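Input: one structure, supplied below.
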Amino acid sequence: MPIDDYLTKIEGARIIQNHKVTPPKISGKVFILKYDEFGKELIAKSNKLFGGTGAEININTLGDNMEIQNINMIKRLALITTIYGDNQLKSCNFMPITPLQSENLLIENKLPISLAHWEDLALILYKPYINGTNSTEATILYTSLIKHRYDLDFDHIDMDLYSPLLIINAGLYIEEEMAHKVVPFALPGLTEVYYPPVLKSTTKFRGFNYGGDHGLPYINDIITGDRTFYLPQDDNKGLKILCRFNSGSLFANHDNLASRSVNGRAVFIEKS
């Protein structure tokens, strides 16, 4: 489905209150996105939607079955948006991993990425965001979350009280006036929004083993462990990125939606 056709259907995202979960074991296929049969179809369709923007994926140097490098946040959102609007791709049953799936794979030693690589996993929206980083993108994303809140059964929630927000599987649409010509927004039925309490902190946490709160550590669980969670330490927060480095550390203080590093990857998982 062309992006213009389904953009008109965008109404917002589900708001899901925090609760501890016992996630299932990972059983489906897990892989780094490569230039194979699936990757070629996905990238071709994504580039058709987002060609000429910062979300376009360069295929000029790709050979068969090569890993796709430089998958930053906006390229990840472009891939998610492409799958969301394409029935053929949906039927393949593959999606980029969520932060919680990332944690489960890490714990089970099934994460197929080397220590040199990193992965942008989700967005984090801080309020107030007007003077923060990526402020225009933050404003548009927030508006898409609340525009149809009454239709999405979270009209009773004062979203201003629940900040920061962890936003998983956001989408992307073209906006020519933006620096990268794209902005994030909510995909109804796919985008999920959480408010993990640990994001309210302004420090780094040393010593956790597992991010059980939708991919982030519970504050009470930060006792022992060898992983570190880095949070923003300034007031200029706005729209940030949740990123995992394959030392196992998590970062919530990155704000470059279009990193040029070749070490960015996207891990996909077969939906159960």
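Each value in this text was obtained by applying a stated rule to the coordinates, not by laboratory testing. For clarity, every value in this text was computed on a predicted model and none was experimentally measured. Here the Cβ is made from the backbone with ideal geometry for all residues, glycine too, and neighbour counts use every protein chain on show.
For R265, R244, R206, what's the fewest-to-most ordering of other Cβ within 10 Å of each Cβ?
R206, R265, R244
Could I ask something else about it? Loop only per DSSP, at most 16 neighbouring Cβ atoms within 10 Å: give me the GluC sites (Glu not before Pro) in region 67-145, ordered by residue number.
E108
Moving on. Where does each of V262, V193, V198 land when they are ranked from fewest to most other beta-carbon atoms within 10 angstrom?
Fewest-to-most ranking of V262, V193, V198: V262, V198, V193.
Where in region 164-178 does the amide nitrogen come within less than 20 Å of the point 7 Å from the Cα of T136, taken along Cα to Cβ?
171-178
Residues of region 65-88 with backbone nitrogen within less than 12 Å of a virtual label 7 Å along the Cα-to-Cβ line of S261, please, listed as ranges.
70-73
Would you please name the trypsin sites (Lys or Arg not before Pro) within region 38-125 that are DSSP coil residues with at most 14 other C-beta atoms within 10 Å of their C-beta?
K110
Further, regarding this structure: What ratio of Cα Rg to 2.2 N^0.38 Å holds for region 24-270?
This ratio for region 24-270 stands at 0.97.
Something else now. Skipping prolines and chain starts, which residues have an amide H placed within reach, meaning under 5 Å, of the one on N70, given they are 5 or more residues away or on another chain?
Distant-sequence amide H within range of N70: N263, G264.
Would you mind giving the average projected area, over all directions, of the Cα convex hull of region 155-272 in nm² with one decimal?
So the mean shadow area of the Cα hull is 9.8 nm².
Restricting the count to DSSP beta bridges whose residues both fall in region 24-270, what percent are antiparallel, rounded to a multiple of 5?
That works out to approximately 90 percent antiparallel.
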